[in-house]
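Every read-out reported here was derived from the displayed coordinates using simple, explicitly stated rules and does not represent laboratory data. Quantities reported herein were computed from a predicted structural model and do not represent experimental measurements. Every residue, glycine as well, gets a Cβ built from its backbone with ideal geometry; the counts of neighbours run over all protein chains shown.
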């Protein structure tokens, strides 16, 4: 009888593995994987990519005797992100993130660049086409304008500051990020800020400012006024892409940047 049970279990496991390879769901959601004589079917255990904390497993999933691992689809779980102690570690925790629909159309995750201990941090909305292709934020025309603001206006090197975006993947056709996409990426941004520990943050444009300040107030009413994000002074200002379409408003951004420079002790 014991032999027959093991044989049946092996047949079920083999069938589950075949279903997984063919793209079908091997095990109905919410059911425990079948274990036979110490063997866990491959379909029940994701291919190991990076070790993760057991606490990051979704509530309601069934624990197995094998070590917890992260599959590409599970990368970016809160447990891994919150324990990252460096920006490189955070990027590793994000992995090949698939937590929102933007993952399906990206070329690269656009994480962030700059000094990991920067005094000043710039946060934009999301990657555009150039950023998606290169995997670096603000490298297109808007990025060139931001570089001019940093280097010609503030007399800093771009490498002196830290630059990132609210969402790390390009929205299709450069549309605005959807609320669920912003929410999926927000733990990454929050941890980036916590790790850099800047003296001040410049929120570039409506989405960055509204996300960090949890408000729907229009950017024109926010800009030019100091706020705080978890104790860090935050200055909302206009996005460089907006300035490309409305160059007359560059003077408004310069007013905001001068306030930022004064805040961190730079002479305009």
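Return a whole-number percent for the relative contact order of the stretch 107-263, with Cα pairs under 8 Å and 6 or more residues apart as the contact set.
It comes to 25 percent, rounded to a whole number.
Using only Cα atoms, what is the ratio of the radius of gyration of the stretch 107-263 to 2.2 N^0.38 Å? Write down the numbers at each step before the final one.
Numbers: Rg = 14.0 Å, N = 157, 2.2 N^0.38 = 15.0 Å.
With N residues counted in the stretch 107-263, Rg over 2.2 N^0.38 Å equals 0.93.
Which shape class, rounded, prolate or oblate, goes with the stretch 203-268 when its Cα gyration tensor gives a ≥ b ≥ c as root eigenvalues, a/c under 1.5 marks rounded, and past that a/b bigger than b/c marks prolate?
Oblate, since a/c reaches 1.5 and b/c is not below a/b.
Please arrange 251, 206, 134 by counting, for each residue, the other beta carbons lying within 10 Å of its beta carbon, fewest first. Numbers along the way, then the final one.
Details: 251 8, 206 21, 134 15.
Lowest to highest Cβ neighbour count: 251, 134, 206.
Quick check on the exposure proxy: order 263, 168, 216 from fewest to most C-beta atoms within 10 angstrom.
Details: 263 15, 168 30, 216 7.
Least to most surrounded, the residues fall as 216, 263, 168.
Classify the stretch 163-252: rounded, prolate or oblate, from the alpha-carbon gyration tensor (a ≥ b ≥ c, eigenvalue square roots; a/c under 1.5 rounded; otherwise prolate if a/b is larger than b/c)?
Values: a/c = 1.71, a/b = 1.10, b/c = 1.55.
Oblate is the answer for the stretch 163-252, as a/c is 1.5 or above yet b/c matches or exceeds a/b.
Once you keep just the Cα pairs under 8 angstrom separated by 6 or more residues, what percentage relative contact order results for the stretch 171-245? The partial results should precede the final answer.
Values: 70 pairs, mean separation 21.3, N = 75.
Over the stretch 171-245, the number comes to 28 percent.
Among 261, 144, 235, rank each residue by its count of other Cβ atoms within 10 Å, from fewest to most, as a rough exposure measure. If you can, show how the numbers build up before the last one.
Working: 261 18, 144 13, 235 22.
Listed from fewest to most nearby Cβ atoms, that is 144, 261, 235.
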